[in-house]
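Taken together, the values in this text are just the output of simple stated rules run on the coordinates, not laboratory data. Keep in mind the model is a prediction, meaning the values are calculated, not measured. Neighbour counts run over all protein chains shown; Cβ positions are idealised from the backbone, glycine included.
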Amino acid sequence: MFKGKSQMGMPQDELLDQVIEIKRVTKVVKGGKRFKLSATVVVGDGAGNVGVGHGKANEVALAVAKGKEHARKSMQKISVGRTIPHQTDARFSASKVIIKPASPGTGLVATLPVRAVLQVSGIKDALTKSLGSHTPFNLAMATITALKKLRRLDEVARLRNKPISYFMERDDVQES
């Protein structure tokens, strides 16, 4: 159904996706209740592009397909490696996520929505803590916001117009 290229220029068949929530929603109308299904989906390429989408339909498969399409259209670029370069946190609505770097082999210590975003973005090792509301969509969006705040050492050095050695620990400083 979704053949061709995505907005980021890569074939859609190579995108990773994870469904983080499927729930039944009800609309009360004059004649009774109308039931639909709602799906929240995270899509990424494993190399730094990630997006979150939400779709509603009468069937699970259609809701997931709509969620994937919405997530693919809302993909954002983040800088990734095996782990993250420094601790970061972000808020989205009533949810707050704190992400910390982890040593190789630790894996992803996170709740389902946060883990899904980190996996499809390509991060292998991280420690996380989610505070406030545990709504899956809000947690996923807070995670993406936190990942967008990340800056590598060479980026910070370039932005501050300093050499990288300026930011490294210096051995010649005496501790008191």
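Numerical summary
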| quantity | calculated |
| --- | --- |
| Hydrodynamic radius of the stretch 12-76 per Kirkwood, over alpha carbon pairs, in Å | 12.2 |
| Residue 49 long-range amide H proximity, modeled H, under 5 Å | 78 |
| In Å, descending, principal axis extents of the Cα set of the chain | 78, 38, 31 |
| The stretch 34-176 - charge dipole about Cα centre, Lys and Arg +1 at Cβ, Asp and Glu -1, debye rounded to 20 | 700 |
| Over the chain: helical MRE at 222 nm, DSSP H runs n ≥ 4 each giving -39500 (n - 2.57), nearest 500 | -8000 deg cm²/dmol |
| Relative contact order (%) - criterion: Cα under 8 Å, at least six apart; region: the chain | 18 |
| Rg followed by Dmax, in Å, when the stretch 78-152 is reduced to its Cα trace | 10.8, 32 |
| ³J(HN,Hα) computed for each position of the stretch 38-55 - Karplus, 6.51 cos²θ - 1.76 cosθ + 1.60, integer Hz, glycine/proline x | 10, 10, 10, 10, 10, 10, x, 10, x, 10, x, 9, 8, x, 10, x, 9, x |
| DSSP-assigned coil residues among GluC sites (Glu not before Pro) in the stretch 77-176, each with at most 12 further Cβ atoms within 10 Å | 169, 175 |
